[in-house]
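Below is one structure; the comments refer to it alone.
Computed from the coordinates by the stated procedures, all read-outs in this text should not be read as laboratory data. The structure displayed is predicted, hence computed values, not measured ones. Note that we place each Cβ from the backbone using ideal geometry, even for glycine, and neighbour counts take in every protein chain shown.
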Amino acid sequence: MTRYAVFGQPISHSLSPRIHAAFAAQLGIDLDYRAIEAGRGAFASALAAFARDGGRGANVTLPLKQDASALCSELSDRARRCGSVNTLARAGDEWHGDSTDGIGLLRDLARHGIETRGVRVLLLGAGGAARAAAFALADAGARELVVMNRTATRAQALAVALGTPARTCDRDALQREPTFDIVVNATSAGHAGDVFAWPLAAEATPTACYDLSYGGAARAFLAAARAAGARVALDGLGMLVEQAAESFALWHGCAPDTTPVHALLRAEA
Ligand code: ATR
């Protein structure tokens, strides 16, 4: 039985073992995928021990996505560009790193019929999750990406890295912005239970709002989006399933059908 794992801290809540077990059952693949608790100080040695024990692939979540890239001998273009790794694949004695978060977001938006080509996007946040979302949306043909972040210098750095069609905007100026097609919340504020202050003017109702988090962490943003009149307000549970499917395909060479797994997790949410 081949070994896979997700590393992070905290990790006990992770749905990844269940998602990968469901994909494996669907395709008749025998695998052992478990959650391994590791903070930043312990990650390198935990990953080395996992490799010694026959680990073939790993997912990486908070707070390890940036650290993971430093442990890889090779990175995919998309991982290098967004500066974060969520998927590790063993190749000989080395790890190859990839980032499937961005494609996971695009696939979930597509599943919901949300157009990304030619749209105006407001991106809240400029950390690792925001970077993955931003590059994917730019690649998918977004016409304009406006980045707003609590720390303005991080927003500027992301906009510079993205180049056209990105720019930054501060909270005051956002009040004067016309309607966005999509608002993406990529901040981690919801995890701390912080209050979410809706940043747009009352008349600037976006078509779709998407929180990269799910569960309680997405609740405040989604409530604010619905109150602002957004036609669609989605959490990141679908993105989680889609990014897992892309990792699974990289490791096993076959793509699972995500539809039953979306249904399974939604039924329990
Ligand atoms: P992740 O990998 O989840 O993106 P991160 O790289 O630590 O985590 O980034 C967290 C993001 O959430 C950042 O954009 C952060 O803003 P700062 O750059 O100013 O730190 C944002 N964030 C976290 N808590 C926030 C809060 N209470 N209000 C607004 N933004 C917040």
With +1 on each Lys and Arg Cβ and -1 on each Asp and Glu Cβ, and nothing else charged, work out how big the dipole of the chain is about its Cα centre, in Debye to the nearest 20.
320 debye
Could you compute the longest span of the chain free of trypsin sites (Lys or Arg not before Pro) located in DSSP loops and having at most 15 other Cβ atoms within 10 Å, not counting the site residues?
41-116
Tell me the angle of helix 101-111 to the major Cα principal axis of the chain, expressed in degrees between 0 and 90 and rounded to the nearest ten.
60 degrees
Placing +1 on the Cβ of each Lys and Arg and -1 on the Cβ of each Asp and Glu in the chain, which of 2, 62, 17 has its Cα farthest towards the positive end of the resulting dipole?
62
Using only Cα atoms, find the angle between the long axis of helix 43-52 and the longest principal axis of the chain, and express it within 0 to 90 degrees, rounded to the nearest 10.
40 degrees
Gyration tensor on Cα atoms of region 102-235, a ≥ b ≥ c root eigenvalues, a/c under 1.5 rounded, else prolate if a/b beats b/c, else oblate, says rounded
Take the Cα pairs of region 1-44, get the Kirkwood Rh, then feed it into Stokes-Einstein at 4 °C and 1.567 mPa s and tell me D in µm²/s.
117 µm²/s
Highest-fluctuation residue, 245, 155, 70 considered, GNM on the chain with Cα pairs under 10 Å
70
Which whole-number percent gives the relative contact order of the chain, counting Cα pairs below 8 Å spaced six or more residues apart?
15 percent
Let me have the relative contact order for region 102-235, percent, based on Cα pairs under 8 Å that are six or more residues apart.
21 percent
